[in-house]
Amino acid sequence: MISYAPLWETMRRKGVTTYALRKKHQLGGGTLQRLKENDTVSTHTLDLLCEILDCPLWEIAEYRPNDS
């Protein structure tokens, strides 16, 4: 599964809030909810987050094997 746990740490470290993502960068509330739930998001969204946070993809998402 893809986990967005690194995203929240990167945002904290860079001082970017979910409010800023919504208001300043027009990221939708539904998209943020999908990220919080480790649900699917588009590669466009991942690209946008990399641009906003000025970081590589591995600071936003990581692969974690399923426990099954």
For this session: With the checklist (1) part of a loop (DSSP other than H, G, I, E, B); (2) open to solvent by 80 Å² or more (accessible area, probe 1.4 Å) in hand, flag the one item Arg12 doesn't pass.
Result: (1)
Seminar exercise, completed: The residue that is surrounded by the fewest Cβ atoms within 10 Å (Cβ to Cβ), considering only those in the range 17-31 that are closer than 11 Å to Leu49 by Cα and within 12 Å of the chain's Cα centre (by Cα), is Leu27
Exercise. When the range 30-40 is examined, which residues are found to be β-branched (Val, Ile, Thr) and either under 11 Å from Ser3 (Cα atoms) or without any contact (Cβ under 8 Å) to a residue 12 or more places away in the chain (or both)?
Worked result: Thr40
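The values are calculated or read from the model by the stated rules, or taken from the named source; none is laboratory data. Just so it is clear, the model here is predicted, and its values are computed rather than measured. Every residue, glycine among them, receives a Cβ derived from its backbone with ideal geometry; neighbour counts consider all protein chains shown. All accessible areas refer to the heavy atoms of the entire protein, side chains included, with ligands and DNA or RNA removed. Shrake-Rupley method; radii C 1.70, N 1.55, O 1.52, S 1.80 Å.
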